[in-house]
Amino acid sequence: MVRLVLILGDQLSLDLASLRAADKEHDIIVMAEVASEATYVRHHPKKIAFIFSSMRKFAAALKTDGWKVLYSQLDDTQNAGSIPAELLRRAQESGAKEVIATRPGEWRLIEALEGTPLQVYLLEDDRFLATHAEFEAWAEGRKALRMEYFYRDMRRKTGLLMEDGKPAQGQWNFDHDNRKAAPKDVSYSGPLSFEPDAITKDVLDLVAASFGDHFGTLENFNFATTRAEALQALEHFITHALLRFGDFQDAMLSENKFLYHAVISPYLNAGLLGPLEICQAAEKAHKDGHAPINAVEGFIRQIIGWREYVRGIYFLEGPDYTRRNALGHHRDLPTLYWGAETKMHCLSKSVAQTRDEAYAHHIQRLMVTGNFALLSGINPEQVHEWYLEVYADAFEWVEAPNTIGMSQFADGGIIASKPYVSSGAYINRMSDYCKSCHYAVKDKTGETACPFNVLYWDFLIRHEDRFLNNPRMGNMYRTWNRMDETHRATVLQDAAIFLEKLDAGEAV
Ligand SMILES: Cc1cc2nc3c(=O)[nH]c(=O)nc-3n(C[C@H](O)[C@H](O)[C@H](O)COP(=O)(O)OP(=O)(O)OC[C@H]3O[C@@H](n4cnc5c(N)ncnc54)[C@H](O)[C@@H]3O)c2cc1C
Ligand code: SF4
C-alpha cells in the first residue's frame with residue numbers, strides 16, 4: 001500500500017523520524033510550498049525565500065538518494081494552497097490513504113493535520129534532546145520551572161562539559177564572566193554569506209512577486225540553504241567568533257548587526273543542523289584550547305538549555321499559550337515596529353536591522369523591542385505575531401515562549417521569575433545607541449528624557465499589586481519610594497503624555 005510521507009519546511013533533516021519510518025520502494029514524499037503557510041502571518045520575505053530554497057534543495061537531495069518526491073512549487077497551477085489540501089490532492093493522485101509525518105512544531109498545524117479525512121500518523125520529532133515525556137516528568141510536581149535546573153539535567157544527559165559526572169571546571173554556569181559592555185572594535189566580520197545560486201534566484205523572484213508587500217527586504221539574501229553550507233557557517237562561527245561569544249553576548253552596536261553571534265538559528269530550526277553536533281563542535285573547540293569555558297558553556301546553555309526548555313513549555317502549556325495576557329495589556333502594536341519613524345535610536349536601529357536581515361540578536365529582541373512593548377503595555381498576542389513574522393528563525397514552538405513568556409510576562413511568570421524590563425540605563429550600558437539618540441538617556445523627566453526611563457516606572461507602578469512582593473523586585477520599589485513625591489508625579493505624567501502620543505500615531 002502506498003503511503004504519503006509529509007515533510008514540512010522546518011523538517012529538512014535526513015534523519016527525520018518520518019523518513020526513518022518510510023519505505024523508499026513504495027512510499028511517496030510530499031513537499032509543498034503553500035500560500036497559506038507563507039501568509040497565515042505575513043512572514044518576512046527573506047524567511048520565506050530561505051525556507052523555499054532550502055526545501056527545493058532538500059527535495060533534490062532526496063530524489064538523488066532514490067526517494068520518490070512529489071514537490072509542489074508555489075506557482076504550480078495545481079497547487080491547492082494549504083498543507084492539508086495538498087495532501088488530499090496527492091492522495092487522490094496516488095491512491096494513498098495514509099500519511100506519515102513528523103509532528104509539526106505548532107499547534108495550529110497539528111490540529112490541521114489531525115482534521116484531514118486521511119489517516120495521518122504523527123511521529124515524535126526526535127531531533128531534540130528532550131522528549132515531551134521527559135520534559136513533563138521533569139516539570140511534574142515542581143513549584144517553579146526554572147531553566148537552570150532543566151539545563152543541568154541536559155548536561156548530565158548529553159555529557160557535554162561534564163567531567164566524572166561533575167560540571168567541567170566545577171561550575172554549571174559561567175555567566176558572571178560574560179555580558180561585558182559593547183566593545184569599541186569588533187574583530188569578527190560576521191557570519192558566512194552565501195551568494196544565491198540559480199535555485200535561490202528563482203525563489204527570490206517568486207517571493208518578490210508573491211510576497212513583496214510583506215515587511216522586510218529581499219536584497220542581499222545571503223543565508224545558507226543546504227546542510228553543507230550550514231555546516232560551513234557553523235565552522236566559521238566556531239573558528240572565528242565563539243572565542244568572544246560569551247564576553248559580548250549581551251552587547252549591541254549601531255553599526256554591527258551580528259557582533260560575535262552565531263546566526264545559526266534558522267539552520268538549526270529548519271533542520272539543516274542538529275543541536276548536538278553544534279554543541280559538540282563548540283565543546284571540541286574548548287578542549288582544543290580555541291575557546292574559553294565562559295564562551296562555550298554560555299553557548300551550549302542557549303541550545304541544550306533555553307532552546308529545549310522553551311519547547312518543553314510550549315507543548316506543556318497547550319494551544320492557548322499564545323493568547324495569554326496575564327498583565328492585561330491591550331495597546332495596539334505601534335507602527336514604529338513596521339518601520340514608521342521613531343526618534344528612539346535603539347528601536348529605530350533594531351527594527352531597521354530586522355527589516356533588512358530578518359535577524360536581530362537576543363538582547364535586541366529582549367531588551368529593546370520586547371522591553372519597549374512590555375513597558376508600553378502592548379497586546380502580547382500582537383507582539384507574538386510580530387516576532388513570528390519578522391525573524392527567519394521564528395517557528396511558533398520557539399518564538400511563542402520567548403515572546404509570550406520570557407519577553408512579555410504574559411504567561412504570568414512560568415518562564416521568567418520577574419519581568420525583563422529596564423530603563424534606558426541598561427541599554428546605554430550595553431550599547432552605543434544612546435550616543436546618537438534624539439533623547440537623553442541621563443534625563444529622567446521632561447521632553448528630552450529617554451522614554452524607557454519614564455515608562456519603566458510607569459510599568460512598575462501600574463503593576464505594583466503583582467510585583468511589589470516579588471523578592472527580586474523589592475529594590476526597584478524601594479528606589480521609587482525614596483524619590484521625591486513631585487518627581488514621581490512628573491515621571492508618571494510624562495509617561496502618560498508619551499503613551500498618548502504613541503496612541504495618536506505621532507513619531508515618538
Ligand atoms: C522576544 C524573543 C523572541 C525570540 N524568538 C525566537 C525565535 O523565533 N526563534 C529562535 O530560534 N529564537 C528566538 N529567540 C531566542 C534568540 O533571540 C535567538 O535564538 C537568537 O537571537 C538567534 O540568533 P543566533 O543564532 O545568532 O544566536 P546566538 O546568540 O549565537 O545563540 C546560539 C543559539 O542558541 C539558541 N538560543 C539562544 N537563545 C535562545 C532562546 N532564548 N530560546 C531558544 N533558543 C535560543 C539558538 O538556537 C541560537 O542559534 C527569541 C528571543 C526573544 C527575546
Ligand atoms: S536614549 Fe533611550 S530611546 Fe534613546 S537610544 Fe538610549 S535607551 Fe533608546
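Yes/no per residue for (1) within 30 Å of Trp386 (Cα to Cα); (2) buried (at least 17 other Cβ atoms within 10 Å of the Cβ); (3) in contact (Cβ under 8 Å) with a residue 40 or more places away in the chain:
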| site | (1), (2), (3) |
| --- | --- |
| Tyr149 | no, no, no |
| Lys157 | no, no, no |
| Met162 | no, no, no |
| Gly165 | no, no, no |
| Gln169 | no, no, yes |
| Ser210 | yes, yes, yes |
| Ile238 | no, yes, yes |
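Answer yes or no as to whether Lys343 is away from ligand 1 (no atom under 15 Å from the Cβ), in contact (Cβ under 8 Å) with a residue 12 or more places away in the chain, within 30 Å of Asn220 (Cα to Cα) and not in a helix (DSSP H, G or I).
yes
Applying the selection to region 369-401, what residues are touching a residue at least 24 places away in the same chain (Cβ under 8 Å), away from ligand 2 (no atom under 16 Å from the Cβ) and of a type outside the set (A, V, I, L, M, F, W, C)?
Gly377, Asn379, Pro380, Glu381, Gln382, His384, Glu385, Glu389, Tyr391, Asp393, Glu396, Pro401
For region 254-261, does any single residue satisfy the condition of being among the aromatic types (Phe, Trp, Tyr), touching an Asp or Glu at 6+ places or on another chain (Cβ under 8 Å), surrounded by fewer than 21 Cβ atoms within 10 Å (Cβ to Cβ) and part of a loop (DSSP other than H, G, I, E, B)?
No: zero hits.
Quick check on region 404-456: of everything there that is among the β-branched types (Val, Ile, Thr), closer than 22 Å to Val508 by Cβ and within 15 Å of ligand 1 (Cβ to nearest atom), which residue is surrounded by the most Cβ atoms within 10 Å (Cβ to Cβ)?
Top of the filtered list is Ile427.
Report the residue count in region 279-297 for those that are among the acidic types (Asp, Glu) and part of a loop (DSSP other than H, G, I, E, B).
1
Select from region 81-101 the residues that are hydrophobic (A, V, I, L, M, F, W, C), assigned to a helix (DSSP H, G or I) and over 24 Å from the mean Cα position of the chain (by Cα) and list them in ascending order.
Ala85, Leu87, Leu88, Ala91
Going by the conditions given, is Lys442 assigned to a loop (DSSP other than H, G, I, E, B), out of contact with any strand residue (DSSP E or B) (no Cβ under 8 Å at 6 or more places or on another chain), within 10 Å of ligand 2 (Cβ to nearest atom) and at negative phi?
When the stated conditions are applied, Lys442 passes them.
For residues in region 262-278 being assigned to a helix (DSSP H, G or I) and under 16 Å from the mean Cα position of the chain (by Cα), which is nearest to ligand 2 (Cβ to nearest atom)?
Ser265
It is to be established whether one or more residues within region 356-375 are away from ligand 1 (no atom under 16 Å from the Cβ), within 19 Å of Ala251 (Cβ to Cβ) and part of a helix (DSSP H, G or I).
Scanning region 356-375, I find no residue that is away from ligand 1 (no atom under 16 Å from the Cβ), within 19 Å of Ala251 (Cβ to Cβ) and part of a helix (DSSP H, G or I), so the answer is no.
Quick check on this structure: which one of Ala360, Ala400 is within 19 Å of Pro45 (Cβ to Cβ), surrounded by 23 or more Cβ atoms within 10 Å (Cβ to Cβ), touching a helix residue (DSSP H, G or I) at 6+ places or on another chain (Cβ under 7 Å) and of a type in the set (Gly, Ala, Ser)?
Ala360
Can you go through Glu93, Glu86 and tell me which one is crowded, with 18+ Cβ neighbours inside 10 Å and free of Cβ contacts under 8 Å to residues at least 60 places away in the same chain?
Glu86
With the requirement that a residue be within 10 Å of ligand 2 (Cβ to nearest atom) and within 29 Å of Ile313 (Cα to Cα), what does region 416-429 give you?
Within region 416-429, Ser422, Ser423, Tyr426, Ile427 qualify.
Please specify each residue of region 47-80 satisfying the condition of being part of a helix (DSSP H, G or I) and in contact with an Asp or Glu (Cβ under 6 Å, 6 or more places away or on another chain).
Phe52
Got a number for residues in region 261-320 being within 11 Å of ligand 1 (Cβ to nearest atom) and of a type in the set (Lys, Arg)?
Matching residues across region 261-320 total 3.
Would you mind finding the one in Asn371, Asn325 that is within 20 Å of His463 (Cα to Cα), among the polar types (S, T, N, Q) and crowded, with 24+ Cβ neighbours inside 10 Å?
Just one listed residue meets the conditions, Asn371.
Could you list, ordered by first residue, the pairs with Cβ atoms under 8 Å in which the first is in region 214-233 and of a type in the set (Phe, Trp, Tyr) and the second is in a loop (DSSP other than H, G, I, E, B), at least 6 apart or interchain?
Phe215/Arg42; Phe215/His44; Phe215/Gly339; Phe221/Pro196; Phe223/Phe194; Phe223/Ala392
How do the pairs read when you match residues in region 275-290 that are closer than 11 Å to Thr158 by Cβ and modelled with pLDDT of 95 or more with residues anywhere that are among the basic types (Lys, Arg) and assigned to a helix (DSSP H, G or I), using Cβ under 9 Å and keeping only pairs 6 or more apart or on different chains?
Correct list of pairs: Pro275/Arg307.
The values are calculated or read from the model by the stated rules, or taken from the named source; none is laboratory data. Predicted model only: the values in this text are computed from it and were never measured. Ideal geometry is used to build each Cβ from the backbone, glycine not excepted, and the neighbour counts take in all protein chains shown.
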